[in-house]
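What follows is one structure encoded as structure tokens, with my remarks underneath.
Laboratory data are not the source of any read-out in this text; all were calculated from the coordinates shown. These numbers come from a predicted model, not from an experiment. Please note: Cβ atoms are built from the backbone with ideal geometry, for glycine as well, and neighbour counts cover all protein chains shown.
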Amino acid sequence: MALKNLDVNKAAKAIEKDAGQALPGLRESLAQAKRGEFAAVHTPETIAARKRGRPVGSTKPDAKVPVKLRIDPDVLAVLRATGDGWQTRVNTILRERFAL
């Protein structure tokens, strides 16, 4: 059903019946949605057309860059044994080593 054909009162009554109580502002919100003033309506077509991942242009200029790094198993075991945040500590060690 398209929103332009929505019977606001009928929909509000059904929603309030399910909720078991009157919901203040419900009719006004439904009327606004019907007029397209607020909240986008997500149809199966628009959901299927979405791209995965972060929106374009949303990355920070100083964002970290993922890399694939080959490390000896014993070195990796020691790093991981330091607990959560070991990758951040490796980053700090490299910064200190190269005086960045």
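The table below gives the values:
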item: Residue ID - surrounded by the most Cβ atoms within 10 Å (Cβ to Cβ), chosen from residues in segment 9-18 that are under 30 Å from the mean Cα position of the chain (by Cα) and closer than 20 Å to Glu37 by Cα; result: Ala12
item: Candidates Glu37, Glu96 - the one that is under 30 Å from Ala2 (Cα atoms) and out of contact with any helix residue (DSSP H, G or I) (no Cβ under 7 Å at 6 or more places or on another chain); result: Glu37
item: Residue list for segment 65-84, restricted to those being surrounded by 10 or more Cβ atoms within 10 Å (Cβ to Cβ) and not in a helix (DSSP H, G or I); result: Ile71, Thr82
item: Test: residue in segment 34-43 that is out of contact with any Phe, Trp or Tyr (no Cβ under 7 Å at 6 or more places or on another chain), surrounded by 11 or more Cβ atoms within 10 Å (Cβ to Cβ) and part of a helix (DSSP H, G or I); result: yes
